[in-house]
Amino acid sequence: MIGLLVMAAAGLGGDDAPTLDFRAAYTDTGNSSGYTFSAADIGTASATRRVVVTVAADDKSMGDISGVTIGGSAATQVVKTSTPTGTNKPTVSIWELDVASGATADIVATFTDSKNRCAISVYALDNLATGSVSNTTDQESDPISVTLNVEAGDIVIAAAAAGVDQSYSWTGATEDYDTALEGTSCFSGASEVMASTDASYSVSASLGGAGNHERLAVAVWR
């Protein structure tokens, strides 16, 4: 069952500054090795738009993500947590693709084996000066966090998942979505435009209760 979690459209920054625009988050509770999110919102068309997609899936197997397409074109993997080594261990990744035209696109996430459920989020970035700088972490304890070297104006996007029915709270980034699926998994995401330069900036996600097989992927653009 495919669901739309939340939608927003709030660009940040000046005319020449990199801009962050969280568009929507979607879920699918089907058991599959491939998930299609039809006509997903990818924001306002722009010759310099980059579409960023985070993908989190909970597993009935140890299969890993093998690819993401946006509007039929292959996206590039920015960062990915480690390959699951057992059941109920989620995988989280972040992907990007320059997409100049269109306000919607089919987004397809493909895995090497069947998953129990999948969640994605979609962001539109614009006016980027360079590519991405990324980081990731895999933890069994809570909270999960990543330390980043950021500059003023950098864009941070983070996605977290755990094999437990709870909610996340975020430090260092503003929550964009948070959902629990089928009583066994939770997926959450946050983003931020950095106000200042910090060589040891921390982004942290904390569950409301005990953690279980937590994963966090974070990427930075400037």
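The values are calculated or read from the model by the stated rules, or taken from the named source; none is laboratory data. This is a predicted model, so every value here is computed, not measured. Here Cβ is always computed from backbone atoms with ideal geometry, including for glycine, and neighbour counts include all displayed protein chains. All accessible areas refer to the heavy atoms of the entire protein, side chains included, with ligands and DNA or RNA removed. Shrake-Rupley method; radii C 1.70, N 1.55, O 1.52, S 1.80 Å.
What shape does the chain have by the C-alpha gyration tensor, where a ≥ b ≥ c are the square roots of the eigenvalues, rounded means a/c under 1.5, and otherwise prolate means a/b greater than b/c and oblate the rest? Verdict is oblate for the chain.
The value of relative contact order for the chain, using C-alpha pairs under 8 Å at least six residues apart, is 25 percent.
Please label the shape of the range 57-117 as rounded, prolate or oblate, based on the square roots a ≥ b ≥ c of the eigenvalues of the alpha-carbon gyration tensor (a/c under 1.5 means rounded; beyond that, a/b larger than b/c means prolate, else oblate). Intermediate values should be presented prior to the final figure.
Working: a/c = 3.08, a/b = 2.16, b/c = 1.43.
Prolate is the answer for the range 57-117, as a/c is 1.5 or above and a/b outweighs b/c.
Which whole-number value in Å² is the accessible area per residue of the chain, probe 1.4 Å?
On the way: 8490 Å² over 222 residues.
Here the residues of the chain average 38 Å² of exposed surface.
Each peptide among 94-101, 197-204 gets the average number of other Cβ atoms lying within 10 Å of its residues, and from highest to lowest they stand as 94-101, 197-204.
With K and R counted +1 and D and E -1, the other residues having a Cβ less than 11 Å from that of residue 166 yield a net charge of -4.
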